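The values are calculated or read from the model by the stated rules, or taken from the named source; none is laboratory data. Here the structure is a predicted model, which is why all the values come from computation and not from measurement. Glycine also receives a Cβ, built like all others from the backbone with ideal geometry; neighbour counts cover every protein chain displayed. Calculation scope for accessible area: heavy atoms of the full protein, side chains included, ligands and nucleic acids excluded. Shrake-Rupley method; radii C 1.70, N 1.55, O 1.52, S 1.80 Å.
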Amino acid sequence: MDEPAHTSSMKPQDIQRFELNGQGYMQLSVLGRGASSTVHRVMADGNCQLYAYKRVEMRHEEDMEQTIANYSNEIKLLNKCKGNPYIIDLVDYVIDREQAFIAMIMEAGELDLASALSNQKKLRRRCGQPGMINPNFLRSVWEGVQSITSTNSGSFMATSNRPTLCLCEEI
């Protein structure tokens, strides 16, 4: 995703329902947009569980195979990392060549790393310690980085890794 978008609630007339592999979902808000993808917060029909729904539109046929290869790698790595507390779980996915899209349902994170760092900076300023970082926060981020690098054996989860793509818990 190129630019993180602020979460925006959808108006009732804009709420869309869709199915992915037989499971129904309702789109609740936009979490972010990129050059070819949009991420929505969605709620599953039946259990009302919240997830992130990433939809990648493959507009250019010449790039389709490379896009599929990149996202297939991401899907493979997410499946390999399932259960790792530092990496979001992939719940379901579809790669549809005919309709030229990839859809992924993932565990919904509450806070990306860039926002968490910004929040830490603001909090430390208010506490009169602008140059300090909360050691517990730093330890949590470091454990996550170590876990990701050891799990991936040098592979990257996405082709564009940035702090806005890393999810974490607020400490």
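Which percent of the accessible heavy-atom area of segment 69-109 goes to carbon and sulfur, probe 1.4 angstrom?
Within segment 69-109, the accessible surface is 47 percent carbon and sulfur.
Quick check: pseudo-label points 7 Å beyond the Cα along Cα→Cβ at E143 and H60, how many nm apart are they?
Result: 4.3 nm between the two label points.
If you average the C-alpha positions of segment 97-141 and of segment 27-69 separately, how far apart do those two centres end up, in angstrom?
Comparing the Cα centres of segment 97-141 and segment 27-69, I get a distance of 20 Å.
Can you give me the long-range amide H partners of D92? Hydrogens built in the peptide plane at 1.01 Å from N, cutoff under 5 Å, separation of 5 or more residues or another chain.
I105
Excluding V39 itself, what net charge comes from residues whose Cβ is under 10 Å from its Cβ, given Lys and Arg +1 and Asp and Glu -1? Walk me through the numbers on the way to the answer.
Details: positive: R33, R41, K54, R55; negative: none.
Net local charge, V39 excluded: +4.
Rounded if a/c is under 1.5, else prolate if a/b is larger than b/c, else oblate: which is segment 25-152, with a ≥ b ≥ c the root eigenvalues of its Cα gyration tensor?
Prolate.
Test of understanding: what is the full-extension gain from R17 to N73, defined as 0.36 nm times their sequence separation minus their Cα-Cα distance?
On the way: separation 56, 0.36 × 56 = 20.16 nm, distance 2.79 nm.
Additional length available on full extension: 17.4 nm.
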